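The values are calculated or read from the model by the stated rules, or taken from the named source; none is laboratory data. Nothing here was measured: the structure is a model prediction, and the numbers come from that model. So basically every Cβ, Gly included, is an ideal-geometry build from the backbone, and we count neighbours across all protein chains shown. The protein model used for the area step is the full one, side chains on, heavy atoms only, and it has no ligands, DNA or RNA in it. Shrake-Rupley method; radii C 1.70, N 1.55, O 1.52, S 1.80 Å.
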Amino acid sequence: MKPFIVVVGSSNTDMVVKAGRLPAPGETVLGGTFMMNAGGKGANQAVAAARLGGNVVFIAKTGKDIFGKQAIELFKQEGIDPGYIIPDAENPSGIALITVDDNGENCIVVASGANAALKPADLQKAKHLIENAALLLIQLEIPIETVEYAVTLAAENGIKVVLNPAPACTLSDELLQKISIITPNETEAGLLSGTKVINKESAETAARLLAAKGIKTVIITMGAEGALLLHDGVCHFFEAPVCNAIDTTAAGDVFNGALAVALFSGKSILEAVPFAIRAASISVGRMGAQSSAPYLHELNAF
Ligand code: RIB
């Protein structure tokens, strides 16, 4: 087994307010207490993987401001080496403005800041790590040229690539062909496949369309329902346990971090998906992004 999971992606500070409901355009709603949490899809996935026992290398870019400094301190506390977090003197750290409603649903606006300045040249220091990883886990909150560079580097070296295609964005067939496992939610699967995902049947249709583009394994996450897996042409559906959703922010990130750890530790894909669903189910019962990711002992006790 190769010794580490490489995560390339974003790091944000989340500015969160919980409100009874999400505001309509032009509307002001009064919310509850303001919270400032560690977030960013890349960082959330890296922390989720580290908490579940993964040996994680996280490559990201943060500003030289208080938010970047805080993020680095938190990575250290999670056992993630901050040596691959590149300081950016020109841009502020990424910030996300998040509203969470009473059902745990959220809306998010991201000011990417330094994340948008993470360029292929920034990956040079960690090139040998990507080339020798157990797997590469990557999302779309950084420039697409950087995603393409990292994915190509990994694929050329026979490294398994897990792409969480979030936030939703169209992707070239050339990039998709290099992906081993893709993990869209319903919206992202709809955009990438060109077919709307509203139930298990349409999810299977979308998964088969994505597989036809050359992706070996497609996992469509479907929130409280669970996840659909299409692997080697065979479709499986995994139910999620019933749980009381407090905050669904980063549930997908926890799913991806957990999936990576499960595969890293030698679980089959049929074992890895329910493992990841259990981790995500725990996270939705807690507020915050990284703060909601479970530790391995919590997952084992779930
Ligand atoms: O996936 C959730 C994350 O999206 C939040 O932590 C926020 O920072 C945005 O990146």
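In this structure, does Phe67 turn out to be at pLDDT 95 or above and buried (at least 23 other Cβ atoms within 10 Å of the Cβ)?
no
Look at Ala38 and say whether it is away from the ligand (no atom under 14 Å from the Cβ) and either touching a residue at least 24 places away in the same chain (Cβ under 8 Å) or within 20 Å of Ala272 (Cα to Cα) (or both).
No, not satisfied.
Residues in region 16-24: is at least one part of a strand (DSSP E or B), hydrophobic (A, V, I, L, M, F, W, C), closer than 26 Å to His297 by Cβ and in contact (Cβ under 8 Å) with a residue 40 or more places away in the chain?
No: zero hits.
Anything in region 244-257 that is in a helix (DSSP H, G or I) and in contact with a Ser or Thr (Cβ under 9 Å, 6 or more places away or on another chain)? List them, or say none.
Ala251, Gly252, Asp253, Val254, Phe255, Asn256, listed by residue number.
Would you call Pro241 farther than 25 Å from Gln70 by Cβ and part of a helix (DSSP H, G or I)?
So Pro241 fails the test.
Looking at (1) touching a residue at least 40 places away in the same chain (Cβ under 8 Å); (2) open to solvent by less than 10 Å² (accessible area, probe 1.4 Å); (3) out of contact with any Ser or Thr (no Cβ under 8 Å at 6 or more places or on another chain), which is the one condition that is false for Ile80?
Among (1) touching a residue at least 40 places away in the same chain (Cβ under 8 Å); (2) open to solvent by less than 10 Å² (accessible area, probe 1.4 Å); (3) out of contact with any Ser or Thr (no Cβ under 8 Å at 6 or more places or on another chain), Ile80 violates only (1).
Just the residues that are under 19 Å from Leu259 (Cα atoms) and either open to solvent by 20 Å² or more (accessible area, probe 1.4 Å) or within 12 Å of the ligand (Cβ to nearest atom) (or both), please, taken from region 4-35.
Once the filter is applied, which keeps residues that are under 19 Å from Leu259 (Cα atoms) and either open to solvent by 20 Å² or more (accessible area, probe 1.4 Å) or within 12 Å of the ligand (Cβ to nearest atom) (or both), region 4-35 yields Phe4, Gly9, Ser10.
Residue-by-condition table, conditions (1) within 17 Å of Lys178 (Cα to Cα); (2) modelled with pLDDT of 95 or more:
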| site | (1), (2) |
| --- | --- |
| Asn103 | no, no |
| Ile108 | no, yes |
| Gly113 | no, yes |
| Ala116 | no, yes |
| Lys125 | no, no |
| Ile130 | yes, yes |
| Ala133 | yes, yes |
| Leu137 | yes, yes |
| Glu141 | no, yes |
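Taking only region 83-98 into account, find how many residues are crowded, with 17+ Cβ neighbours inside 10 Å and within 19 Å of the chain's Cα centre (by Cα).
7
Of Gly285, Gly252, Gly223, Gly233, which residue is open to solvent by 20 Å² or more (accessible area, probe 1.4 Å), away from the ligand (no atom under 15 Å from the Cβ), closer than 28 Å to Cys107 by Cβ and not hydrophobic (A, V, I, L, M, F, W, C)?
None of the others qualify; the one that does is Gly285.
Condition first: within 29 Å of Glu131 (Cα to Cα), within 17 Å of the chain's Cα centre (by Cα) and within 16 Å of the ligand (Cβ to nearest atom). Can you find one or more residues in region 60-67 that meet it?
The answer is yes; a qualifying residue exists.
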